[in-house]
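Asks: Dropping a structure here in structure tokens format, bear with me for questions.
The values are calculated or read from the model by the stated rules, or taken from the named source; none is laboratory data. The shown structure was predicted, so the numbers you read here are calculated from the model rather than taken from an experiment. Note that each Cβ is placed from the backbone with ideal geometry, even for glycine, and that neighbours are counted across all protein chains shown. These area figures cover heavy atoms from the full protein model, side chains too; ligands, DNA and RNA do not enter into them. Shrake-Rupley method; radii C 1.70, N 1.55, O 1.52, S 1.80 Å.
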Amino acid sequence: MAYNSEGVLPRQMEALLRQTTPLKEIVVVDNASTDGTAEMLARRFPQVTVLRMSSNVGAGGALEAGVGYATLTKRHDWVWTFDDDSVPDDDALQTMLNATGSAPKIGMLAPLPVHVETGVCYPPLLWRDGFVKPSAELLQRPVWFADLVFVSGCMVRREVVEEIGLPRADFFMDFIDFEYCLRTRARGYQIAVINKCRLAHEVGNARSVRLPGFSALWPDHAPWREYYISRNMTYAVWSLYPSFKTKQFVVRHLVRHAGGALLFGSNKLACVKKMAQGFSDGRRGRLGIRFRPA
């Protein structure tokens with residue numbers, strides 16, 4: 001997935017071309033970039049397939065187009081998805097495929113995402129009526145099984161796509177990967193995390209924040225992104241896991257996040273207002289593209 005990525009995409013393309021297990025096809029979904037991304041790809045990487053969107057359809061629309069093309073049109077057994085700024089190690093594909101063999105109920109494979117500047121790991125999560133961080137013991141295992149993983153660096157089996165459908169284009173941005181994971185797990189497929197496979201990954205404009213006895217990495221999202229995070233999380237829970245506990249979790253999570261926005265965010269009140277609007281729209285199932293990046 002690429003949007004105005006002329007500056008960062010070449011590193012990813014070069015890393016994919018260096019894989020010790022060669023890829024059968026590299027596909028870039030260009031989300032109507034205006035910075036010369038398409039021209040750069042044609043000039044420097046003519047072997048890459050480019051799917052050019054007529055407008056910016058967001059991460060959701062790009063995922064739907066790319067995953068659909070790779071699995072349903074080209075019939076590739078696995079599709080490996082990336083944000084435009086994530087860079088795999090040269091042996092990442094080989095490491096992931098070798099770690100689990102061909103176990104039939106593994107529907108996804110995922111690396112361990114790491115924030116390059118700080119070294120902070122973003123571990124995949126468990127779902128127990130809400131987000132649960134994996135234990136230190138799980139993170140020491142070569143392979144373990146999660147419920148929620150980031151889309152960037154994740155591999156999806158074609159069989160899963162054929163059974164549960166494509167990622168949701170109407171989410172536009174954010175929580176697309178977690179919603180897809182919840183659907184995958186609901187059909188009995190496992191999501192294997194390969195700990196030794198690390199992926200350089202950025203999460204927004206993340207920065208370290210501190211309070212007495214507390215430190216964290218805060219992704220300083222724009223208000224329009226906070227809207228989609230809030231809306232899509234609310235909708236996914238209300239539609240897939242509509243129990244009292246899960247709804248209570250979403251409310252608590254969003255209240256805590258709103259508090260973080262007020263403490264650490266750059267657009268404090270604007271972010272909180274968009275979160276409230278997103279929560280309301282998510283409960284009502286009002287999806288689609290409501291706001292675009294400025």
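Asks: What residues have an amide H closer than 5 Å to that of residue 78, excluding those fewer than 5 places away on the same chain, when H is modeled at 1.01 Å from N in the peptide plane?
Replies: Amide H neighbours of residue 78: 158.
Asks: Shifting gears a bit: If you average the sequence gap of Cα pairs under 8 Å that are 6 or more apart and divide by the length of the chain, what percent do you get for the contact order?
Replies: 18 percent
Asks: Rounded to the nearest percent, how much of the accessible area of the chain (1.4 Å probe, protein heavy atoms only) is carbon and sulfur? Don't skip to the end; give the middle numbers.
Replies: Numbers: 7310 of 13680 Å².
Carbon and sulfur together cover 53 percent of it.
Asks: Another one. Between the DSSP loop rule and a limit of at most 16 other Cβ atoms within 10 Å, which trypsin sites (Lys or Arg not before Pro) in segment 39-113 are left? Don't skip to the end; give the middle numbers.
Replies: Working: sites: 43, 44, 52, 74, 75, 105; in loops: 74, 75, 105.
Of the trypsin sites (Lys or Arg not before Pro), the ones in loops of segment 39-113 whose Cβ has at most 16 other Cβ atoms within 10 Å are 74, 75, 105.
Asks: Next question, about the same structure. State, to one decimal in nm, how far the label point of residue 267 lies from the label point of residue 35, with both points 7 Å from Cα in the Cβ direction.
Replies: 1.8 nm
Asks: Follow-up. Report the label-to-label distance for residue 20 and residue 243 in nanometres (one decimal), using points 7 Å from each Cα along the Cα→Cβ vector.
Replies: Going from the residue 20 label point to the residue 243 one covers 4.3 nm.
Asks: OK, next. Across the chain, how many lysine pairs separated by 8 or more positions, or lying on different chains, have Cα atoms within less than 25 Å?
Replies: The result is 14.
Asks: So for the pair residue 90, residue 290, with labels modelled 7 Å out along Cα→Cβ, what separation do we get in nm?
Replies: 4.7 nm
Asks: Can you give the Rg and Dmax of segment 67-111 based on its C-alpha atoms, in angstrom?
Replies: Rg then Dmax for segment 67-111, in Å: 11.7, 31.
Asks: Sticking with this one: Which GluC sites (Glu not before Pro) in segment 12-63 sit in a loop by DSSP (not H, G, I, E or B) and have at most 12 other Cβ atoms within 10 Å of their own Cβ?
Replies: For GluC sites (Glu not before Pro) across segment 12-63 that sit outside H, G, I, E and B with at most 12 neighbouring Cβ atoms in 10 Å, the list reads 25.
Asks: For segment 77-116, what does the accessible surface come to per residue with a 1.4 Å probe? Please give it in Å².
Replies: Here the per-residue accessible area is 38 Å².
Asks: Using only Cα atoms, what is the ratio of the radius of gyration of segment 241-294 to 2.2 N^0.38 Å?
Replies: 1.25
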